[in-house]
1. What is the protein assembly as shown by shape, rounded, prolate or oblate, if you read a ≥ b ≥ c off the alpha carbon gyration tensor as root eigenvalues and call it rounded for a/c under 1.5, prolate for a/b larger than b/c, and oblate otherwise?
2. Looking for one value pair here: nearest-to-axis residue in chain C (by Cβ) for the rotation onto D, and the distance in whole angstrom.
3. Taking +1 at the Cβ of each Lys and Arg and -1 at the Cβ of each Asp and Glu, which of B:328, B:206, B:276 sits farthest along the dipole of region B:103-382 towards its positive end, judged by Cα position relative to the Cα centre?
4. Residue A:203: net charge of surrounding residues, Cβ under 13 Å, Lys/Arg +1, Asp/Glu -1, itself excluded?
5. Quick check on chain A: helices-only [θ] at 222 nm, where DSSP H runs of length 4 and up contribute -39,500 (n - 2.57) each and the sum goes over total residues. Nearest 500, please.
6. Just to confirm the number: angle between the C-alpha axis of helix C:79-90 and the first principal axis of chain C, 0 to 90 degrees, nearest 10?
7. When the accessible area of region D:17-100 is computed with all protein chains present and a 1.4 Å probe, what percentage of it is carbon and sulfur?
8. Over all alpha-carbon pairs in region D:103-382, figure out the percentage whose distance exceeds 28 Å.
Number of protein chains: 4
Amino acid sequence: MTLEDLFGGVYGRGGAAAATSGRAWLQAMLEVEAALVRACARERLVPAQAAATIAAACRVERFDLQAISAEGAEHATPVVPLVRALRRQVGEELARYVHLGATSQDIVDTAAMLVAKRASEFVVADARAAIGAAAGLAQDHRGTAMSGRTLLQQALPTTFGLRAAGWLVGLHEATVRLAEERERGLAVQMGGPVGARAPSVAEHVAAELGLVAPTLPWHTVRVRVAALAGALGTLAGVLAKIARDVTLLSQNEVEEVREGGSGRGGSTVMAHKRNPVAAVSVLACARRVPGLIATILACMEQEHERAAGAWQAEWGTMSDLLALTGSAASWGRDLLERLEIDRRRMRENLTRLAAAGVAEAAEPELHLGAASELIDRALAAASTA
Amino acid sequence: MTLEDLFGGVYGRGGAAAATSGRAWLQAMLEVEAALVRACARERLVPAQAAATIAAACRVERFDLQAISAEGAEHATPVVPLVRALRRQVGEELARYVHLGATSQDIVDTAAMLVAKRASEFVVADARAAIGAAAGLAQDHRGTAMSGRTLLQQALPTTFGLRAAGWLVGLHEATVRLAEERERGLAVQMGGPVGARAPSVAEHVAAELGLVAPTLPWHTVRVRVAALAGALGTLAGVLAKIARDVTLLSQNEVEEVREGGSGRGGSTVMAHKRNPVAAVSVLACARRVPGLIATILACMEQEHERAAGAWQAEWGTMSDLLALTGSAASWGRDLLERLEIDRRRMRENLTRLAAAGVAEAAEPELHLGAASELIDRALAAASTA
Amino acid sequence: MTLEDLFGGVYGRGGAAAATSGRAWLQAMLEVEAALVRACARERLVPAQAAATIAAACRVERFDLQAISAEGAEHATPVVPLVRALRRQVGEELARYVHLGATSQDIVDTAAMLVAKRASEFVVADARAAIGAAAGLAQDHRGTAMSGRTLLQQALPTTFGLRAAGWLVGLHEATVRLAEERERGLAVQMGGPVGARAPSVAEHVAAELGLVAPTLPWHTVRVRVAALAGALGTLAGVLAKIARDVTLLSQNEVEEVREGGSGRGGSTVMAHKRNPVAAVSVLACARRVPGLIATILACMEQEHERAAGAWQAEWGTMSDLLALTGSAASWGRDLLERLEIDRRRMRENLTRLAAAGVAEAAEPELHLGAASELIDRALAAASTA
Amino acid sequence: MTLEDLFGGVYGRGGAAAATSGRAWLQAMLEVEAALVRACARERLVPAQAAATIAAACRVERFDLQAISAEGAEHATPVVPLVRALRRQVGEELARYVHLGATSQDIVDTAAMLVAKRASEFVVADARAAIGAAAGLAQDHRGTAMSGRTLLQQALPTTFGLRAAGWLVGLHEATVRLAEERERGLAVQMGGPVGARAPSVAEHVAAELGLVAPTLPWHTVRVRVAALAGALGTLAGVLAKIARDVTLLSQNEVEEVREGGSGRGGSTVMAHKRNPVAAVSVLACARRVPGLIATILACMEQEHERAAGAWQAEWGTMSDLLALTGSAASWGRDLLERLEIDRRRMRENLTRLAAAGVAEAAEPELHLGAASELIDRALAAASTA
């Protein structure tokens, strides 16, 4: 998912991948340490000047990512070397004010929430753009008759507008759930070693970082993580549905839609081919998501006040989940914004159905009044909230 | 998950398993056909008397489950033989009013939502009882000092009340999400063959069955299914966390809690043993859940107006998911309602920490003022909504 | 997966589902108790006459499945009530010879292996029949030119025989792995309470039941379970690939193959439709498999000498995995045995490719010499082993 | 999993992570192009001198990873820009001999197999070292009595040697399966655009790269990928079992084992703590594995001659699977090689069992004769093959 990933173009499109990089995590952890020391100053646990000095030192470019990663392995958390390095930065005098009353999980979990917030902002933005594009297709193709297909067999006529309206509603409903979970779920963690710290510091940190102040520390009660994962997975699933439709409608034998984007999708050896690259990329990302969510859910079984393994498995899993859903959303937006519709072919393919004796296929417009009403409902629903 | 399942005692506790049986599904499908014909009567598509006669025939005891199952295989859906059997029941005259304008997926999906609604009602009820029990433990053990443990090592003192408050908040937050998804997610499906049916019939059916009327038919846009699955999985994960804690605290070397319930947990050969049966059963159920959710999410990739395979894979998966989460909730409630706490052992185990030089462990009460404040927050949060 | 399952026609085709029923499990557990007492007699731990009497009592029709299931819940295993009931059957005198030196997991695990052996025998038989059918298609359609398709786009000509040869090799390689794992993996468990029982009894039991005698008891070292699951999942995946191809080739716009089987695949409302029921059923089963395997693998993390939850989660998961893979194999066999090929349409669809300027498509036979050589390799490989 | 990953110390220990980096993939793809052109020269399709020149140009340092990744996104494969860049390197004259008759999937799949071979070599080497360490523990602690524990309750005495022998057999059996799958499963892909290329070129390439020559091209028949994934997952599961045992035996209240390694496992705030860092890291890696395998298996459903999405999802998934299993194996080896056993505490903990009335616990040696025999069996089995 980094620049070093040869497949980054497929898996890491959009802003989410960069927002989950090692550097982004390190930066988030430093912001948490800065917010913590400021919160402690407000609570008069740290002198204001000391807090300002420490917070000012929390700049990612001063720290050596690789050294922290390597040393972190000795502790199964990068926070130990990070705190050590930060203490060195601020000098012996101020060292004791760094990381005051916190446990390493406080820093990692709060940083994870910051990372999730930033990465998922890209996801939501791309999803909303995709919603706009789907709405446009629904509107524009309100009267574009095509064959509905069930179990991959032609069934009865429908309109492409109604199909696009289905995409629209799916994207909208999934995005609403994701946005909601971003609002209520992304909370600071500031419980101290066993989760018994008074909540006032957490509240200051939450206010500063724009995160929720939770009822309790949630070191081993991972509802927030699971719910975010579920919301991401639901969105990825809707994107996969759309991409699957596009690959099917793009088949040479169907040819009712075509991906836009000049120069894209060429083959190394077959000059006549035009591959549905965006749809394939959506699917490549989205298919990796359900397994990651199974991991997140299985890791909810966490021991006592801090887990031995299940929590540490979350870090990379959640990063991948954000990056892949983000890439799927970015590819999906691109797919919808550029999608080309072939009205003529849609109509031609309906003749097969008429030939099979389906009366409605001969004059589909006579039978599709409800489709337009349904599209209006979809447009209205997606424009609220 | 049926009576024929030798492991039904473990996997099928509580009401959810029975609510997802073959008979429950068949009953739900018949209720949908009845609601449909009544809705058609309201729309003046079917004479009122015909509708009444048909609806009256929709009684599960009149139908042969095994025959429908066997014949259904020829169509990859039990609706074909069900409709045929229902038409036979009502006679040639009325046959044409049966299943009017519907497609088989309309019946199965709406029935699935009814099944989900009923099964999840048991889940929520057991979860709420578990919340009550956890609140009681939090309240009663506000001052019961114990060793907090991180990475399975003794860390610093905490209270058992705070541990129970963590369980409480987790159960509460997961149940809120599940209840919410039950409210907004469980919708009728009444789109007809390609999803283009006017929404008025769906609205009547929704009103009658107590389900949501969706913006559009959602035959291949499975946000509702995925979101429900995610909410169930999150609850199952919290239950697993609690059960994991109980197995660990019940170890002979720790012995801080013990499952109640006389006669339970005996071994075939080791008379001295007392196994944590309820906790083990919660874990046996909950560990089966994440994989099922991965299946539901992977199956969101559905083709065109009706999927070839991905939809049909949902039926059994969602049944298992409801039954297993329900059994986990029922076992979890039982576990919490009967849990016995050993204050003395908790205190004894703290002496080890004191001996290791942890000053707080000697007089933990001096250091745990915030725990009580946190418990109050938890109790307050869980009592609202 | 039982007769009570309304969807049993889809999920429970072939013999594997019945071979994993509650009754089949109970029968297997009784056979294990019988084999155990005979082995103890050989080791002179039990009088020969007592062993014969006890073994004779181990008949499933004498036991009450529902009572054992219900009572089993109190112990998180049905073995406790089963042993109790068996002891009652044989009388006070002989009771002490029942279950001698065994632990409940010995009985459940050995029974699980018997169940797996029997159920997977159906799976392998259906897979082998599918292999035969695929070989026939490869042979018969050696010269049947069709369009190869990559990323769902027409690419270059191939032959249907080569496509079928690919299915053949996949089925063969997956079946070889499954057969191999059945041979070496399916072992008795007879370790006693903590796995320290001398291996001689296990060896007698293994010989009698036709299972492997393992190096050590494997109560919490689940390589055998995981490897079997992996082999089942690989076969299910190959079947899914074939079924996916059939759904795509059956599309009205492609129509190169059609499922055989008269009367099948009708729609409730669309008389002109013919749904690919067998392919859809393969996919419905196979899509449920990967999540189940994730569960089996995640459950390998088992504690000490017997797990608290992870082992108990295996029972239902492995039953479902066997039944679903078995159903997929049975449907897949049926699919391949009846598949109808439309040579004319294959040729027609190639003209599109020729029109797009692909020279090879005009006279595909000139370019497909290697296909025939490859088919011969496939037929030869699949006929060995 | 790269150097840019802040959690690389946890997830990327051992050689496998580096062997799956973007650079390692690029290098492997270039080796495949080199082997291909040499194979074509042997088949007299390319002049020997041209082949030598092209092969010499296939050096990773001459190519721009980031540019290839970025441009690859336009084609959903990095092979298009790679071939373009390689053609530029060798000049217009020789360009036509580059990538002759191959399709991009040939290059990616064969490279994937090379990457898998190299990465899994580290996995196997670490697993074998872990086997050696487990054998040493089994041997050394043949007579070290400890409490066996079932459902996390003390059960009957066993020996630590027997526990270690169980680990040994599990590691051995999983490694045998992995080694076997490396031998037979890792095959070249060289089928050309639709898999119809004559097998002679594939055979040359296989011989040169040390991979298997398959019966047929396997572009969409992914038995090899699935079987490798299953074998990796089985090994990861055994490692998780060992690590779980170590975390449990390391609890302060049990203290029967302790991780070695000075300086490791310190806490940011609790000086008295010593965290089981290696065990936690094994678990952090291993818990991420089952979900990845579910993805690989779900992705077996691939369309026609090349998949649209399911194949592309494999790349990152298989990389992660190799790296994480490798890291788990490396951490597991480290864990076993340094594990410290506390015989005295094991004996002390048995007194609790004796006090509970378990006669065997008073003089466990009298009851554990079979344990030593079982250990010998384990040592013998693990030393063969």
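The values are calculated or read from the model by the stated rules, or taken from the named source; none is laboratory data. As the structure is a prediction and not an experimental result, all values here were calculated from the model. Ideal geometry is used to build each Cβ from the backbone, glycine not excepted, and the neighbour counts take in all protein chains shown. These area figures cover heavy atoms from the full protein model, side chains too; ligands, DNA and RNA do not enter into them. Shrake-Rupley method; radii C 1.70, N 1.55, O 1.52, S 1.80 Å.
1. On the way: a/c = 1.31, a/b = 1.25, b/c = 1.05.
Rounded, since a/c falls under 1.5.
2. It is C:230, 1, counting Cβ atoms only.
3. B:276
4. Numbers: positive: A:38, A:42, A:197, B:377; negative: A:43, A:208, B:373.
Neighbourhood net charge equals +1.
5. Values: 16 runs with 241 residues, N = 385.
Calculated at 222 nm, the ellipticity per residue is -20500 deg cm²/dmol.
6. Value to nearest ten degrees: 60.
7. Working: 1710 of 3620 Å².
Ligands and nucleic acids excluded, carbon and sulfur give 47 percent.
8. Values: 18090 of 39060 pairs.
Every Cα pair in region D:103-382 considered, those over 28 Å come to 46 percent.
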